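Scroll down for the structure; my scribbles are underneath it.
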Amino acid sequence: MKLSVTFRHVETDPAVKEYIQEKVKKLEKYMMNPKEGHVVLSVEKFLHSAEMTMVGDGMTYISEGKDRDLYTAIDQMVERMDRQIREKRGKGKKMNLSQRRRKSKDMR
């Protein structure tokens with residue numbers, strides 16, 4: 001999956017980028033066909049904000065986390081995204097994941 005990270009009013013930090021990539025990798029296992037993700041990190045006065053948009057499985061997922069600590073805001077964002085993906089996946093879960101993957105490969 002292609003993941004881009006944008007820093008607004010925050011200095012670019014490779015450690016933060018790696019932290020985000022590690023967290024997003026955990027989300028990918030719940031999606032059949034993740035295409036792309038975009039994370040925007042920003043700060044206003046003392047409040048850090050992390051926004052994420054993911055496209056996959058024919059849907060667009062959006063989540064946001066805000067806190068005084070950047071890492072806590074990222075964790076909130078990932079938790080909310082995880083909840084969204086699991087809810088959507090649970091609604092149409094008549095077949096298990098491997099069966100749906102085989103079916104999607106056959107359609108290609």
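Just so it is clear, none of the values below were taken in a lab; they were calculated from the coordinates. Predicted model, so just to flag it, every value in this text is computed and none were measured.
Helix 97-107 against the longest principal axis of the chain: what's the angle in degrees, Cα atoms only, rounded to the nearest 10?
70 degrees
Show that you can apply the helix-only estimate: for the chain, add -39,500 (n - 2.57) for every DSSP H stretch of four or more residues, divide by all residues, and state [θ] at 222 nm to the nearest 500.
Values: 3 runs with 48 residues, N = 108.
One gets -14500 deg cm²/dmol as the mean residue ellipticity at 222 nm.
Collect residues whose amide H, placed 1.01 Å from N in the peptide plane, falls under 5 Å from the amide H of ASP57; neighbours closer than 5 in sequence don't count.
When sequence neighbours closer than 5 places are left aside, the close amide H contacts are ASN33, LYS35.
What is the helix-to-structure angle for 70-91, meaning the angle in degrees between its Cα long axis and the longest Cα principal axis of the chain, kept from 0 to 90 and rounded to the nearest 10?
Approximately 20 degrees, to the nearest ten.
If I fit a long axis through the Cα atoms of helix 14-28 and take the longest principal axis of the Cα atoms of the chain, what angle between them do I get, 0 to 90°, rounded to 10?
20 degrees
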